[in-house]
Amino acid sequence: MTTDHLIIFNTCPDKSTAQAIAQALVKAKLAACVQIGQAIESVYEWDGQICQSQEVPLQIKCLARHFDAIEQLLIQRHPYDVPEIIATPITRGLPSYLTWIEETTAS
């Protein structure tokens, strides 16, 4: 069992924002892979109102030690006041895939 690797979940208001964030994370070697999903419909409360909007989900595959830097990049580049930044540990995975994450991200 390992907790050295994470998947971080984030949602963006549109595909172009999602693509820009994904590119920045991989270019900075903070993430080995960022998957950009199809638009989803989100229902949430904001400023006392029930809101509904389309968002584009991101799944960010990374090393746990890069979480703080990824969090800062997301806060700086994300248009939301409070962006979704939720990390879950990867407790098991194909060893060669986990090694690839390690080899393609910054030391």
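Below are the figures for this structure:
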item: Residue in region 73-96 that is in a strand (DSSP E or B) and in contact with a Cys (Cβ under 8 Å, 6 or more places away or on another chain) present; result: no
item: Unmet requirement for residue 74, which otherwise passes all of (1) more than 22 Å from residue 104 (Cβ to Cβ); (2) in contact with a Pro (Cβ under 7 Å, 6 or more places away or on another chain); (3) not acidic (Asp, Glu); result: (1)
item: Residue in region 33-55 that is closer than 17 Å to residue 84 by Cα and in contact with a Lys or Arg (Cβ under 6 Å, 6 or more places away or on another chain) present; result: no
item: Search result, residues across region 67-101 that are under 19 Å from residue 12 (Cβ atoms) and exposed (fewer than 14 other Cβ atoms within 10 Å of the Cβ); result: 72, 75, 76, 79, 81, 82, 86, 88
item: Set 31, 64: member being surrounded by 11 or more Cβ atoms within 10 Å (Cβ to Cβ), small (Gly, Ala, Ser) and in contact with a His (Cβ under 7 Å, 6 or more places away or on another chain); result: 64
item: Residues of region 11-47 that turn out to be outside any strand (DSSP E or B) and free of Cβ contacts under 8 Å to residues at least 24 places away in the same chain, as a count; result: 8
item: The listed residue being assigned to a strand (DSSP E or B) and either touching a residue at least 40 places away in the same chain (Cβ under 8 Å) or of a type in the set (Phe, Trp, Tyr) (or both), out of 62, 51; result: 62
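Every read-out reported here was derived from the displayed coordinates using simple, explicitly stated rules and does not represent laboratory data. Computed from a prediction, not measured in an experiment: that's the story for all the values here. Cβ sites come from the backbone with ideal geometry, for glycine too, and all protein chains shown count toward neighbours.
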